[in-house]
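To start, the structure under review is shown below, and the notes come after it.
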Amino acid sequence: MAKANEKSKELISLDDTRLAKELDDTYRQLFTLRLQVATRQLQNVKSISATRRKIARIKTIQRQRQLVAAGGGR
């Protein structure tokens with residue numbers, strides 16, 4: 001659990017443009033991993049779920065910031 005908190009804190013510290021770039025890069029990484037699975041080149045298939053979790057973290061942070069900017073957040 002501590003690793004997840006560290007990863008989240010690292011992502012939270014990024015500004016909006018850097019966070020959007022990180023999301024784009026993570027989507028590209030997920031595409032590459034899926035391609036490697038299809039061609040049987042990927043050894044660690046757990047990296048796909050880790051990448052999907054990272055995408056979810058980034059989207060959650062973006063949504064929280066959007067809500068705060070709209071005045072409906074905490």
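The values are calculated or read from the model by the stated rules, or taken from the named source; none is laboratory data. Worth saying up front: this structure is predicted, and the values here are computed from it rather than measured. All Cβ positions, even for glycine, are placed from backbone atoms using ideal geometry, and neighbour counts span all protein chains on display.
Count, please, the residues in segment 14-30 that happen to be outside any helix (DSSP H, G or I) and either in contact with a Phe, Trp or Tyr (Cβ under 7 Å, 6 or more places away or on another chain) or surrounded by 10 or more Cβ atoms within 10 Å (Cβ to Cβ) (or both).
So the count comes out to 1.
When the criteria are applied in full, Leu33 fails the requirement of being farther than 19 Å from Val68 by Cβ, surrounded by 12 or more Cβ atoms within 10 Å (Cβ to Cβ) and at pLDDT below 95. Might you let me know whether segment 39-49 holds any residue that is free of Cβ contacts under 8 Å to residues at least 40 places away in the same chain, part of a loop (DSSP other than H, G, I, E, B) and among the small types (Gly, Ala, Ser)? There is no residue in segment 39-49 that is free of Cβ contacts under 8 Å to residues at least 40 places away in the same chain, part of a loop (DSSP other than H, G, I, E, B) and among the small types (Gly, Ala, Ser). Within segment 61-70, is even one residue exposed (fewer than 13 other Cβ atoms within 10 Å of the Cβ), at pLDDT below 95, assigned to a helix (DSSP H, G or I) and among the small types (Gly, Ala, Ser)? Looking through segment 61-70, at least one residue is exposed (fewer than 13 other Cβ atoms within 10 Å of the Cβ), at pLDDT below 95, assigned to a helix (DSSP H, G or I) and among the small types (Gly, Ala, Ser). When you check Gln41 against the structure, is it surrounded by fewer than 12 Cβ atoms within 10 Å (Cβ to Cβ) and over 14 Å from the mean Cα position of the chain (by Cα), yes or no? Taking the combined requirement at face value, the residue satisfies it.
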